Structure formats: structure tokens, C-alpha cells
Amino acid sequence: QQKVQQSPESLSVPEGGMASFNCTSSDRNFQYFWWYRQHSGEGPKALMSIFSDGDKKEGRFTAHLNKASLHVSLHIRDSQPSDSALYFCAASDFGEVIFGKGTHLHVLP
Amino acid sequence: EAGVTQSPRYAVLQEGQAVSFWCDPISGHDTLYWYQQPRDQGPQLLVYFRDEAVIDNSQLPSDRFSAVRPKGTNSTLKIQSAKQGDTATYLCASSFGGHSNERLFFGHGTKLSVL
């Protein structure tokens with residue numbers, strides 16, 4: 001079983017809209033989360049981390065973590081065409097870092 | 001600050017050939033990771049090091065894959081006898097503070113095609 005599960009696989013939103021991604025860890029040892037973004041032909045780049053229950057906001061990006069259920073979400077408001085990319089949730093256990101399969105985001109002009 | 005450097009950018013092999021990938025992490029980063037990323041999928045951890053020590057290589061196909069980081073800086077990942085199923089992008093990443101949950105910095109990756 002994949003330790004980090006993401007949904008949806010693909011998402012299309014209009015420019016200026018809200019994009020939302022979901023992620024769940026099935027291993028309670030992996031409870032520290034990062035979100036990464038990968039544009040075509042590049043390596044993934046970290047967007048933001050969330051380690052505590054509740055919301056964390058950085059600019060247009062908001063992450064939410066529920067530690068009891070090990071569920072984390074990422075929301076992008078005012079989506080731009082440059083946000084079109086592959087988004088990964090990563091869960092870590094003090095060294096080992098496991099990635100989900102990713103969500104393809106398409107922002108339509 | 002220089003990022004993570006990987007070479008080569010691309011490699012095309014016939015089945016059975018060998019190939020090596022090289023990674024130069026960010027200076028001062030003690031932890032180095034190798035991931036395999038099949039097309040349109042998430043990175044899958046192969047092996048990671050803290051300084052020169054292998055911390056976890058349980059996902060490395062040990063009969064054909066090997067990885068070293070002899071001085072705790074640069075690292076080499078080698079595939080001894082490539083198979084078509086090895087076609088993927090191989091990503092190297094580094095971080096500082098292997099006992100924390102710091103972000104990973106990735107290189108551009110090496111895109112491998114095995115024909």
C-alpha cells in the first residue's frame with residue numbers, strides 16, 4: 001500500500017479560480033508534511049511545510065493539517081497559468097521522505 | 001548559492017548496458033537522496049545517505065543498482081544491466097539536518113530511456 005495517497009489525479013481550474021489538493025499518510029510515523037511543485041523538465045521545488053494542526057498561509061497558498069487523521073490539503077487561490085504543474089505531497093519521518101503520486105493542475109486562461 | 005547539480009541530463013541505452021549518474025549536492029548539506037520518477041508519477045525513494053553512510057537502501061534493486069557517497073559530498077548511482085522498466089527520470093536531492101524535517105532541494109534529474 002502506498003504510504004502517501006493524493007487526490008485528485010488531475011484538476012482543471014479557470015484562471016483566477018481556486019485549486020484544491022488532498023493528501024493522506026497511512027503511516028503515523030510519517031506526519032510531517034511538505035508540498036512540492038514540479039514544472040515540466042525540472043526537479044520538484046518545495047512550496048511550503050505544515051507540521052502542526054490547523055491552517056498555514058503563505059501568499060496565495062494555504063495548507064491545512066489534521067494530525068488525528070493525517071490528512072493534509074493545499075489550496076491555491078487566484079490560480080495563474082504559471083501554476084500549471086505537477087503537485088506532490090511529501091511526508092517525512094526525520095530523514096526518510098516519501099512522495100505521493102501527484103496531482104496534475106491545469107489552469108485554463 | 002549553487003543548487004544541486006546532476007549529470008548527464010539525458011541517457012539512452014540498450015537493455016543490458018550499464019550507466020552511471022552523478023550528483024553534486026548543495027555545499028554543507030549532509031543528507032543526500034536518490035529518487036526514481038517514472039513518467040507522470042511521484043518520486044520513489046531508492047536510497048539516502050547521511051554524510052557517507054547509507055541510512056536506507058531497502059528500495060534499491062540491489063542486484064543491479066548501486067549507490068555510493070564516499071566522502072560525504074558527491075554521489076554516484078549506477079545501474080549495472082539496464083532493463084526497459086528502468087526507464088524514468090533519476091532525481092538527486094539534498095537537505096541539511098538529516099534528523100529534522102527540512103525541505104529537499106532537487107536537481108534537474110537525469111532522464112533515462114532504455115530501449
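The values are calculated or read from the model by the stated rules, or taken from the named source; none is laboratory data. No experiment lies behind these values; they were computed from the predicted model shown. Virtual Cβ from ideal backbone geometry, glycine too; neighbours counted across all protein chains shown. Areas reflect the complete protein model, heavy atoms only, side chains present, ligands, DNA and RNA absent. Shrake-Rupley method; radii C 1.70, N 1.55, O 1.52, S 1.80 Å.
Some notes on this structure:
- Neighbour net charge for A:N66 - beta-carbon separation under 14 angstrom, K R +1, D E -1: +1
- Prolate/oblate/rounded label for chain B (Cα gyration tensor, a/c 1.5): prolate
- Calculated FRET value between A:H75 and B:S113, using beta carbons and R₀ = 41 Å, to 0.05: 0.65
- Under a model in which nothing but the beta-carbon of Lys, Arg (+1) and Asp, Glu (-1) is charged, the protein assembly as shown shows a dipole of about 160 debye around its Cα centre.
- Taking all protein chains together, B:Y35, B:Y10 sort by accessible area into B:Y10, B:Y35, largest first [probe 1.4 Å].
- Distance from segment A:70-109 to segment B:3-69 (C-alpha centre basis), Å: 23 Å
- Rounded FRET efficiency, nearest 0.05, which uses the C-beta distance separating A:H106 from A:D27 and R0 of 41 Å: 0.85
- Relative contact order computed over chain A (Cα-Cα under 8 Å; 6+ residues apart), in percent: 38 percent
- Charge sum, other residues only, whose C-beta stays under 12 Å from B:V47's C-beta, Lys/Arg counted +1 and Asp/Glu -1: +1
- At the residue level, A:M18 shows approximately 110 square angstrom of accessible surface with a 1.4 angstrom probe and all protein chains present.
- When the residues B:R9, B:R50, A:R60 are ordered by accessible surface, computed with a 1.4 Å probe over the protein chains alone, the sequence from largest down reads B:R9, A:R60, B:R50.
- Neighbour net charge for A:T24 - beta-carbon separation under 13 angstrom, K R +1, D E -1: +3
- Of the chymotrypsin sites (Phe, Trp or Tyr not before Pro) in segment A:56-109, the ones in a loop by DSSP (not H, G, I, E or B) with at most 16 other beta carbons within 10 Å are A:F94.
- Shape call, segment B:29-77: gyration tensor on alpha carbons, a/c limit 1.5: prolate
- Cβ-derived FRET efficiency at R0 30 Å, A:K3 paired with B:R64, nearest 0.05: 0.80
- For segment A:43-109: rounded, prolate or oblate by the Cα gyration tensor [a/c cutoff 1.5]: oblate
- Positive end of the dipole of the protein assembly as shown (Cβ unit charges, origin at the Cα centre): among A:V13, B:G97, A:S73, the Cα lying farthest that way belongs to A:V13.
- Accessible area of A:E9 in the full protein assembly, 1.4 Å probe (Å², nearest 10): 150 Å²
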